[in-house]
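K.L.:
The following block contains the structure, expressed as structure tokens.
The values are calculated or read from the model by the stated rules, or taken from the named source; none is laboratory data. The model shown is predicted, which means the values in this text are computed figures rather than measured ones. Cβ coordinates were reconstructed from backbone atoms using ideal geometry, including for glycine residues, and neighbour counts include every protein chain displayed.
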Amino acid sequence: MIVWVRAPRIFRTISQLLGEQPLVADVRAALFRALPMIQGVAVAYTGTWERFEIIVSAQDYQFLGTYGESVADRTFDLPGGATRTVKAGTPLVWSARMTAKVVDKAGDQP
């Protein structure tokens, strides 16, 4: 089990890898196998004030995107003494992968 303090960072890293990198099937499978090792994660992570989800296809488990929202109000300190409050229910991130194709080498176009 992965220590809960690092869980949000590890979840976001896996999410970024799935969303931003062309991965071979074995690596993608390893990342999906790692997700349940994070306490509180299946394909979603709920922290004290945020929830992040990795969205996959029900048919073939292809990565489709991410979604994250705040689940509690949180106030951040900004430079100069100002503060900013993010209200519960505020979308924090969302992404969608429209298509992905494998090429032989970097720079090749599908």
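K.L.:
I'd like to verify a number: residues in region 22-42 that are in a loop (DSSP other than H, G, I, E, B) and at pLDDT below 75, how many?
P.N.:
Residues meeting the conditions: 3.
K.L.:
Could I ask something else about it? In region 58-84, what count of residues is obtained for those that are part of a loop (DSSP other than H, G, I, E, B) and either at pLDDT 90 or above or buried (at least 16 other Cβ atoms within 10 Å of the Cβ) (or both)?
P.N.:
So the count comes out to 5.
K.L.:
Of a type outside the set (Val, Ile, Thr) and in a loop (DSSP other than H, G, I, E, B) - does that describe any residue in region 43-56?
P.N.:
yes
K.L.:
Counting just the residues of region 85-104 that are assigned to a loop (DSSP other than H, G, I, E, B) and surrounded by 10 or more Cβ atoms within 10 Å (Cβ to Cβ), which one comes out farthest from the chain's Cα centre (by Cα)?
P.N.:
103
K.L.:
Hey, can you tell me all the residues within region 63-110 that are among the aromatic types (Phe, Trp, Tyr) and within 17 Å of residue 44 (Cβ to Cβ)?
P.N.:
Residues satisfying the conditions are 63, 67, 94.
K.L.:
Still on this structure, I have one more. Restricting to region 44-57, and then to whatever is of a type in the set (A, V, I, L, M, F, W, C) and under 11 Å from the mean Cα position of the chain (by Cα), can you tell me which residue is modelled with the highest pLDDT?
P.N.:
Going through the qualifying residues, I end up with 52.
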